[in-house]
Every structure is written in C-alpha cells, then in structure tokens.
Amino acid sequence: MLDTDTKTYIDLIAEKREDDAYRFLHGQFHATLLKFASAYLKAREPAEEIVNDVLYKVWMMKANITAISNLRAYLFTAVRNASLNLLNKQKKEKQLLSTLTFEDLTTEDPESIIISMELYDCIRNAIHSLPPRCRQIYEMIRIEGLRNKDVSEKLNISVNTIDVQLAIALKKLVLAVSAFTRKEKP
C-alpha cells in the first residue's frame, strides 16, 4: 500500500505533470532532507548538494517510480547513503593528504637539494599528467586556493564531481610520490 506522498507523486508523473511533480518533491521533502543531511555532514553546502542531487535523480527515474512503495523512506535512505559516501571520500582524502608530508629538505647538503628538486619535478610531472579537467580542478583548489563551491560555480559542475576529481588527483600524486621515494631508497 502506498503512502499519500508516494501516491500523489506517482499521480503527478502519470498525468505527465513533471514540473508539478518536481515542485511537489522539493516542497514536501527538501527542508527535512536538508536538516537530515546536515546532521550527518555538519555543513550546509554539501548537504544542499546531496539533497538536490537525490531529488533530481528521483525525479529523473519517472518510468520506474512505481518501484518505490514509500517515497519518504526511499529519499531518506538515499540521502543517508550519499552523506555517508561523501564522509567516506573526505576521510580517504585526509588519509591521502597525510601521506604527502615531506621531511624538511632545505639543508645545505647538495644531495638533499638534488633530491628535493627531483621530488618537485616528480610532483609537477604528476600534476601535468592528470586528465585536463582533473588537473584544472586540482590547480584551482590546491594551487589557487579556491573553495570547492567557487570552482563548482566557475566550471558549472557539482561539488560532488569536484570532490571525486580532487580525490583522483590526490591518489595519482600519492602514487607518483610513493614511486619516487621507493626509487630514492638505497
């Protein structure tokens, strides 16, 4: 048996009133889902992005909407899962960043200076070997110091896409540095 929200939404889709269906989804669930996601993420911006993505994805699955018997439960589950996935990505990114700590190589020892220059070249080459969009995002955030939201607006892509591309870039940089440090050990 369908709950009233699910039935109303399915009826709007069946009547080919997609815009009304989206407005119904947004009006009925957005505020509550935003509070729910914010409780997980402790930040409004990524919570807003997740809620909007989930509502859009549900709206886009018009043909399969009858597979959902409880729209409210489905939305909350989707938002919870997306929030947990984002937290997991953020945790992995922090772990990747923590492996990029470098010893102070600014001694007067010529060998250390050469190794430092080679490491710099290794990192620079790794950055230049990234796919163009991935490199652009990495440079805007890590080199220019822009916030994810600012990059999202400039490139007209979602913050989640930026998080994924940044994680890819960091993983490739870690691999390059790891290969370099293995090569340098006697």
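Averaged over every viewing direction, what's the projected area of the C-alpha convex hull for the range 117-184? Give it in nm², one decimal, please. Intermediate results must be reported in sequence, preceding the final value.
On the way: hull surface 17.6 nm².
Mean shadow area of the hull around the Cα atoms is 4.4 nm².
Across the range 166-183, rounded Karplus estimates of 3J(HN,Hα) from the backbone phi angles (6.51 cos²θ - 1.76 cosθ + 1.60, θ = phi - 60°) give 5, 5, 4, 4, 5, 4, 5, 5, 4, 4, 5, 5, 4, 5, 5, 5, 5, 5 Hz, Gly and Pro being marked x.
With a cut-off of 20 Å, note down the residues of the range 58-76 whose backbone N falls inside the zone around a label point 7 Å from the Cα of Arg23 toward its beta carbon. Under 20 Å, as judged by backbone N against the label point of Arg23, lie 58-62 of the range 58-76. If you fit an axis through the alpha-carbon atoms of helix 71-98 and take the longest principal axis of the Cα set of the chain, what angle between them do you get, 0 to 90°, nearest 10? With rounding to tens, the tilt is 0 degrees.
Under a 1.4 Å probe, what is the accessible area of the range 4-111 per residue, stated in Å²? Solvent-accessible surface per residue comes out at 63 Å².
The stretch between Gln95 and Ala73 holds 4.6 nm of extra length on full extension. This uses 0.36 nm per residue minus the Cα-Cα distance.
Note on Ser116: accessible area is roughly 40 Å² with a 1.4 Å probe, heavy atoms of protein only.
Magnitude of the charge dipole for the chain, about its Cα centre and with charges confined to Cβ atoms of Lys, Arg (+1) and Asp, Glu (-1), is about 600 debye. Split the chain at each of the trypsin sites (Lys or Arg not before Pro) in a DSSP loop with at most 16 other beta carbon atoms within 10 Å, and the longest piece is 43-146. Straight-line cross-link reach from Lys89 at under 20 Å between alpha-carbon atoms covers these lysines, not counting any fewer than eight positions away in the same chain: Lys42, Lys149, Lys171, Lys172.
Sorting His30, His128 by accessible area (1.4 Å probe), largest first, what list results? Spell out each step's value before the answer.
Details: His30 20, His128 105 Å².
Highest to lowest solvent-accessible surface, that is His128, His30.
Let me know the Kirkwood hydrodynamic radius for the range 4-111, please, with Cα pairs as the basis and the value in Å to one decimal. Across the range 4-111, the inverse of the average 1/r is 16.1 Å.
If R0 equals 22 Å, the separation of the Cβ atoms of Asp53 and Gln136 corresponds to a calculated FRET efficiency of about 0.50.
The values are calculated or read from the model by the stated rules, or taken from the named source; none is laboratory data. Since we're looking at a predicted model, the values are computed, not measured. We place every Cβ from the backbone using ideal geometry, glycine too, and count neighbours over all the protein chains shown. The accessibility values were calculated without ligands, DNA or RNA, using every heavy atom of the protein model including side chains. Shrake-Rupley method; radii C 1.70, N 1.55, O 1.52, S 1.80 Å.
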